[in-house]
Amino acid sequence: MRAIDMVVRRWRNTARDEGMSTAEYAVGTIAAAAFAGLLFKIVTSSEVKGMLTDIIEKALQAAG
């Protein structure tokens, strides 16, 4: 029984960062949203659209 009590006490002493995971999730979500916005801007730019169109046209010409 003493071993269980010691483990419970140690766990309680180390588990005092309540709310820390919520802050980490919030920062991670904001970072992911910012990255998604940046990626969207890059993919919808005229240069990238042109490159993707060229790749698709070459693939269709090679296939048919």
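The values are calculated or read from the model by the stated rules, or taken from the named source; none is laboratory data. None of the values given here were measured: they were computed from a predicted structure. A quick note on method: Cβ atoms are made from the backbone with ideal geometry, for glycine too, and the neighbour counts reach across all protein chains shown. Heavy atoms of the whole protein, side chains included, go into the accessibility calculation; ligands, DNA and RNA do not. Shrake-Rupley method; radii C 1.70, N 1.55, O 1.52, S 1.80 Å.
Condition check ((1) at pLDDT below 90; (2) loosely packed, with under 10 Cβ neighbours inside 10 Å) across all residues:
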site: 4; (1), (2): yes, yes
site: 45; (1), (2): no, no
site: 48; (1), (2): no, no
site: 54; (1), (2): no, no
site: 60; (1), (2): no, yes
site: 63; (1), (2): yes, yes
Close pairs from the range 45-64: first touching a residue at least 60 places away in the same chain (Cβ under 8 Å), partner in a helix (DSSP H, G or I) and open to solvent by 100 Å² or more (accessible area, probe 1.4 Å), Cβ under 9 Å, at least 6 apart = none
ask   = Within the range 17-26, can you find the residues that are surrounded by 10 or more Cβ atoms within 10 Å (Cβ to Cβ) and of a type in the set (Asp, Glu)?
value = 24
query = Could you say whether any residue in the range 27-42 is among the polar types (S, T, N, Q) and either at pLDDT 80 or above or open to solvent by less than 90 Å² (accessible area, probe 1.4 Å) (or both)?
reply = yes
